[in-house]
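Right, one structure below, let's go through it.
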Amino acid sequence: MGFLGVLLLPFTFIYNSATRFRNYLFDIGFKRSFEFDANVIGVGNLSVGGTGKSPMVEYLIKLLADNYKIATLSRGYGRKTRGFRIANANDSASSIGDEPYQFYNKFKNVNVTVGEERAVAIPHILAELEPDVILMDDAFQHRYVKPGLNIMLTDYSRPFYSDFVLPSGRLRESRKGARRANIIIVTKCREDITEKEMDAIQKEILVYAPKAEICFTSIKYLTPQPVFDNDKFSKNILLFSGIASNQSLIEHVSTHYQIMDEFYFADHHAYNTKDMNGLEERFRRMPIADKCLLTTEKDMVKLLDPTLESTAHHLPIFYIPIETYFVRGGKIFDNMVLNSIKQYSE
């Protein structure tokens, strides 16, 4: 913990006490957690953003989509609408949120929904869509719903067991909250992580979640794709993004391409005309003709907004898709997911 974190300890104590008391009320049943006669799988974390929830939801979609009818449920962070909403062709990142719109844009056979109150949204989903499985995104602290399977993610570079509660650290609640997880996945691991290191990490996690299954994943970066019509990719890059953690993105891009300029917005940033004009100005100043702009898939879907057509669509912007893969525990994870569905279906 740094000097600033120490200064913030009184506020951390207050926040930690409040979240502990809230969890205690759920634990003793004073606050009610709803369980539904449906396959609800939760994906979340203890920390504030950046652990790879969207790639994990996409992994689950790919695992289940051939055999089950799927609906995703997200809060829809950053959207301009409120309440329960089923994504349709008229929606955009501004109306349902960037990550849900990414799911909608990518998986045409999946029903994408948003709703701040998951316990209210799920009955609507069951009545209107009749899915076999509901994938509930970023709802680890939303204890009004108790998933049939609770998956918690923690970033390899900043594991929850060495972090602190807000505002001294990035945890939304104390480390003990990990005990609610059925599976804990250490995400964004180095490709060359050793068995010995994974064993050591697992030992640290089991102190807080002795009954959880521990798995390890990494990120695979795929071939950059054009956002609009321009398909002439260049290795000379202006890199920009609006995500919670840029570390792994920057490491990958700097290894494979030449970053000539870079600009980073806040997580869930809503792009506007001023942003695009600023990026174009920086892009034009790059002293080379062979060049392009590169961003993330999460940012890409926000650039599809019709309001940005005049300022974005003429630029050679590419995005880099990612997918998650298991370094250890993949078969165990798949079986636990499939078995959790089977238990509800019988």
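The values are calculated or read from the model by the stated rules, or taken from the named source; none is laboratory data. Just so we're clear, the structure is a prediction, and the values are computed from it rather than from any experiment. Using ideal geometry, Cβ is built from the backbone for each residue, glycine included, and neighbour counts are taken over all protein chains shown. Each accessible area value is taken on the protein alone, full model and side chains, heavy atoms only, with ligands, DNA and RNA left out. Shrake-Rupley method; radii C 1.70, N 1.55, O 1.52, S 1.80 Å.
For the stretch 324-344, how many residues meet the condition of being in contact with an Asp or Glu (Cβ under 8 Å, 6 or more places away or on another chain) and open to solvent by 60 Å² or more (accessible area, probe 1.4 Å)?
Of the residues in that region, 2 qualify.
Report, ordered by the first and then the second residue, all pairs with beta carbons closer than 7 Å, sequence separation of six or more or different chains, a first member in the stretch 249-262 that is under 22 Å from Ala289 (Cβ atoms), and a second member that is in a helix (DSSP H, G or I).
Once the first residue is under 22 Å from Ala289 (Cβ atoms) and sits in the stretch 249-262, its partners that are in a helix (DSSP H, G or I) give Ile259/Val253; Asp261/Arg282.
Filter the stretch 103-131 down to residues that are among the acidic types (Asp, Glu) and open to solvent by 50 Å² or more (accessible area, probe 1.4 Å) and give me whichever is nearest to the chain's Cα centre (by Cα).
Initial filter on the stretch 103-131 (among the acidic types (Asp, Glu)): 116-117, 128, 130.
Filter once more, so that each one left must be open to solvent by 50 Å² or more (accessible area, probe 1.4 Å): 117, 128, 130.
Working: Glu117: 18, Glu128: 26, Glu130: 25 Å.
Among residues in the stretch 103-131 that are among the acidic types (Asp, Glu) and open to solvent by 50 Å² or more (accessible area, probe 1.4 Å), the one nearest to the chain's Cα centre (by Cα) is Glu117.
Just the residues that are open to solvent by 30 Å² or more (accessible area, probe 1.4 Å) and touching a Phe, Trp or Tyr at 6+ places or on another chain (Cβ under 7 Å), please, taken from the stretch 292-319.
His313
Any idea which of Phe263, Phe240, Phe233, Phe216 is under 24 Å from the mean Cα position of the chain (by Cα), of a type in the set (Phe, Trp, Tyr) and open to solvent by 60 Å² or more (accessible area, probe 1.4 Å)? Steps first, answer last, please.
On the way: Phe240 fails: open to solvent by 60 Å² or more (accessible area, probe 1.4 Å); Phe233 fails: under 24 Å from the mean Cα position of the chain (by Cα); Phe216 fails: open to solvent by 60 Å² or more (accessible area, probe 1.4 Å).
Exactly one of Phe263, Phe240, Phe233, Phe216 is under 24 Å from the mean Cα position of the chain (by Cα), of a type in the set (Phe, Trp, Tyr) and open to solvent by 60 Å² or more (accessible area, probe 1.4 Å), namely Phe263.
Give the residues of the stretch 1-60 that are of a type in the set (Phe, Trp, Tyr) and open to solvent by less than 60 Å² (accessible area, probe 1.4 Å), sorted by residue number. Break it down stepwise before answering.
Keep residues of the stretch 1-60 that are of a type in the set (Phe, Trp, Tyr), which gives 3, 11, 13, 15, 21, 24, 26, 30, 34, 36, 59.
Across the stretch 1-60, the qualifying residues are Phe26, Phe36, Tyr59.
Restricting to the stretch 74-87, name every residue that is touching a residue at least 40 places away in the same chain (Cβ under 8 Å) and either hydroxyl-bearing (Ser, Thr, Tyr) or touching a helix residue (DSSP H, G or I) at 6+ places or on another chain (Cβ under 6 Å) (or both).
Here is the first cut: in the stretch 74-87, the residues touching a residue at least 40 places away in the same chain (Cβ under 8 Å) are 74-78, 84, 86.
Those that are touching a residue at least 40 places away in the same chain (Cβ under 8 Å) and either hydroxyl-bearing (Ser, Thr, Tyr) or touching a helix residue (DSSP H, G or I) at 6+ places or on another chain (Cβ under 6 Å) (or both): Ser74, Gly76, Tyr77, Phe84.
Would you please name the residue that is nearest to Cys215 (Cα to Cα), looking only at residues in the stretch 61-98 that are open to solvent by 60 Å² or more (accessible area, probe 1.4 Å) and among the charged types (D, E, K, R)?
So, considering only residues that are open to solvent by 60 Å² or more (accessible area, probe 1.4 Å) and among the charged types (D, E, K, R), the one nearest to Cys215 (Cα to Cα) is Lys62.
Within the stretch 162-207, which residues are over 23 Å from Leu25 (Cβ atoms), of a type outside the set (Val, Ile, Thr) and part of a helix (DSSP H, G or I)?
Ser162, Glu195, Lys196, Glu197, Met198, Asp199, Ala200, Gln202, Lys203, Glu204, Leu206 - these are the residues of the stretch 162-207 that are over 23 Å from Leu25 (Cβ atoms), of a type outside the set (Val, Ile, Thr) and part of a helix (DSSP H, G or I).
For Asn277, all conditions in the list (1) open to solvent by 70 Å² or more (accessible area, probe 1.4 Å); (2) part of a strand (DSSP E or B) hold save one; what is the number of the exception?
So Asn277 meets the others, but not (2).
Out of all the residues in the stretch 132-139, is one or more open to solvent by 30 Å² or more (accessible area, probe 1.4 Å) and either within 30 Å of Ile193 (Cα to Cα) or in a strand (DSSP E or B) (or both)?
As a first pass, look at the stretch 132-139 and keep what is open to solvent by 30 Å² or more (accessible area, probe 1.4 Å): 132, 138.
Going one step further and asking which of them are either within 30 Å of Ile193 (Cα to Cα) or in a strand (DSSP E or B) (or both), we end up with 138.
Yes, the stretch 132-139 has at least one match.
Of everything in the stretch 92-106, what is part of a loop (DSSP other than H, G, I, E, B) and more than 20 Å from Glu58 (Cα to Cα)? Give them in sequence order. Full working, then the answer.
The first filter runs over the stretch 92-106 and keeps only residues part of a loop (DSSP other than H, G, I, E, B), leaving 92, 97.
None - no residue of the stretch 92-106 is part of a loop (DSSP other than H, G, I, E, B) and more than 20 Å from Glu58 (Cα to Cα), so the list stays empty.
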